[in-house]
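Single-structure report; data block below.
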Amino acid sequence: MNVKNIHIAYFLGIGGIGMSALARYFNMNGVKVSGYDKTSTPLTRAIEAEGICVHYNADNTAVPADADIVVYTPAIPADFEEWEFIRQYNLPVIKRSAMLAEVINSLKSIAVAGTHGKTTISAMIAHSMEHIGKPFLGFVGGVMSGYNKNIFLHENAEWAVAEADEYDRSFLALHPHIAIINAIDADHLDIYGKIEELHKSFSDFAAQTNSGGHVLVFDDTDKDKLTLPSNSILYGFKNVKGYSARNIHVCSGCFAFDVYLDNQLLEGGIHLPAAGRHNVQNATAAFAALHIAGCNPAQIAQALESYPGVKRRLELVAKNDRIIYYDDYAHHPAEIDALINTIRELYPNKTITGIFQPHLFTRTRDFGIEFGKSLAKLDVPVVTDIYPAREKPLPGIDSDWLLKLIPNDQKKYIPYNRIPEIAEVCADGILLTIGAGDIDAHIATIKSCIEQS
């Protein structure tokens, strides 16, 4: 496929973060873009303001019969009414991941993979390239603070930056020049069945990296369970070979660290605005990729020090004398652990209340015990209703089932529509909203409640 021959594009699930970035890319290149999504959100309203037509109910008359391509996401069910019209007119269709590959595979790409950290690392790399002035094409899996966008488009781009999504083995469509494997924890078991299949998929992804490039692998992954090519380089905290972050400490509210390469100091005293040791890990991956791409270490450090963050990634939303409110996208036990550990390190003497919206019935079922242990680390763990996304309910798997697995006497349940009430009754200290579903729809109300209290 030659993407330059696309003049009319239709997107099924256009409100997704990855879909909206592709829609924006084509719209910015003069393509007539329209699409469907089930819900109006700030993101869909933003792309509508950019001239993209979006509708929110199945409507065959809104599907362009002369579309050059229909891009879809697996979140769209097979029985969605518009599929019949698309088949009737024999419109060409392509998955989001395959379309992303069509766009970026012709460039030198940095593909960020891993069950955690993809969005933050890709955002750090994109911001740094923008800061340094390196022409690139960037697809970020979140709306970046300061930029208020999830795509970067430069003329004469030599490099591309994108997330490499392991769900549904989507990342196997990519052939990057630099690949990053940041974490491999059991997830998407509805697709893979067992973690051995997940490891195999990551090995296949690593094998598709350009032989003239490199595969960057976090040192604490189960490397012995992966088949890695000879051009692999480690990054982490303890490794002597490869890139490593050392002398990590909190300084004036920031996490500071040095970067070493092959046991030699490369750049010292980097002050990272994004809190948490997991973000030091993410920044080390970004630093390594940028350095391999030819960027100057001092310039990389300066860029990382001005990193503005991504919405819903440890995002400070509101603060008064009583409550400090953060929102975070964490939806896996390991991510919740990292979030709570970071908050504890920043605020060791404050009470932490966290409202968690589980994402997917299968993930809740598969990691119920692990979720229970992670949420128990909160002083007051609060669980709301499970966000189904693409799934139908599973018998016996609900928020009450999960609540029973949390070994904490302060645990409680709150219905989804009553979530903002927590801001009125929670103890002085830290308030967290946690989850990858639509819990963020309550952010504005919670923020207003805190600011008026």
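The values are calculated or read from the model by the stated rules, or taken from the named source; none is laboratory data. Computed from a predicted model, the values in this text were never measured in an experiment. In this analysis, Cβ positions are derived from the backbone assuming ideal geometry, glycine residues included, and neighbour counts consider all displayed protein chains.
Quick notes on this structure:
- Residue among 330, 334 that is among the aliphatic types (A, V, I, L, M) and assigned to a loop (DSSP other than H, G, I, E, B): 330
Okay, residues lined up against (1) assigned to a loop (DSSP other than H, G, I, E, B); (2) surrounded by 24 or more Cβ atoms within 10 Å (Cβ to Cβ); (3) outside the structural domain of residue 333 (by TED's automatic domain parsing):
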position	(1), (2), (3)
116	yes, no, yes
140	no, yes, yes
143	no, no, yes
176	yes, yes, yes
183	yes, no, yes
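- Count of the range 281-311 residues which are in contact with a strand residue (DSSP E or B) (Cβ under 6 Å, 6 or more places away or on another chain), surrounded by fewer than 23 Cβ atoms within 10 Å (Cβ to Cβ) and farther than 16 Å from residue 248 by Cα: 3
- In the range 15-61, the residues that are aliphatic (A, V, I, L, M), over 22 Å from the mean Cα position of the chain (by Cα) and farther than 15 Å from residue 76 by Cβ: 28, 31, 33, 49, 52
- Residue in the range 221-280 that is surrounded by the fewest Cβ atoms within 10 Å (Cβ to Cβ), counting only those that are hydroxyl-bearing (Ser, Thr, Tyr) and in a strand (DSSP E or B): 232
- Residue 431 being assigned to a helix (DSSP H, G or I), under 30 Å from residue 16 (Cα atoms), in contact with a helix residue (DSSP H, G or I) (Cβ under 7 Å, 6 or more places away or on another chain) and at pLDDT 90 or above: no
- Among residues that are over 21 Å from residue 178 (Cβ atoms), aromatic (Phe, Trp, Tyr) and not assigned by TED's automatic domain parsing to the domain that holds residue 391, residue 257 is included.
- Residue within the range 373-386 that is assigned to a strand (DSSP E or B), over 15 Å from residue 330 (Cβ atoms) and in contact with a Cys (Cβ under 9 Å, 6 or more places away or on another chain) present: yes
- Out of 341, 296, sole residue that is closer than 22 Å to residue 428 by Cα and of a type outside the set (A, V, I, L, M, F, W, C): 341
So that you can scan it fast, the table gives a plain yes or no per residue for (1) touching a residue at least 60 places away in the same chain (Cβ under 8 Å); (2) in the same structural domain as residue 114 (by TED's automatic domain parsing); (3) crowded, with 17+ Cβ neighbours inside 10 Å:
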residue: 325; (1), (2), (3): yes, no, yes
residue: 328; (1), (2), (3): yes, no, yes
residue: 335; (1), (2), (3): yes, no, yes
residue: 342; (1), (2), (3): yes, no, yes
residue: 357; (1), (2), (3): yes, no, yes
residue: 368; (1), (2), (3): no, no, yes
residue: 382; (1), (2), (3): no, no, yes
residue: 393; (1), (2), (3): no, no, no
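- Residue in the range 353-361 that is within 23 Å of the chain's Cα centre (by Cα) and part of a helix (DSSP H, G or I) present: yes
- Test: residue in the range 48-62 that is in contact (Cβ under 8 Å) with a residue 24 or more places away in the chain, surrounded by fewer than 16 Cβ atoms within 10 Å (Cβ to Cβ) and closer than 17 Å to residue 92 by Cα: yes
- When restricted to residues that are touching a residue at least 60 places away in the same chain (Cβ under 8 Å), under 22 Å from residue 113 (Cα atoms) and part of a helix (DSSP H, G or I), the range 281-302 contains 10.
Let's see how each residue does on (1) over 30 Å from residue 196 (Cβ atoms); (2) touching a strand residue (DSSP E or B) at 6+ places or on another chain (Cβ under 7 Å); (3) of a type outside the set (S, T, N, Q); (4) modelled with pLDDT of 90 or more:
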{"site": "70", "(1), (2), (3), (4)": "yes, yes, yes, yes"}
{"site": "88", "(1), (2), (3), (4)": "yes, no, no, yes"}
{"site": "95", "(1), (2), (3), (4)": "no, yes, yes, yes"}
{"site": "118", "(1), (2), (3), (4)": "no, yes, yes, yes"}
{"site": "154", "(1), (2), (3), (4)": "yes, yes, yes, yes"}
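- Selection status of residue 149, of a type in the set (Lys, Arg) and either under 16 Å from the mean Cα position of the chain (by Cα) or crowded, with 21+ Cβ neighbours inside 10 Å (or both): yes
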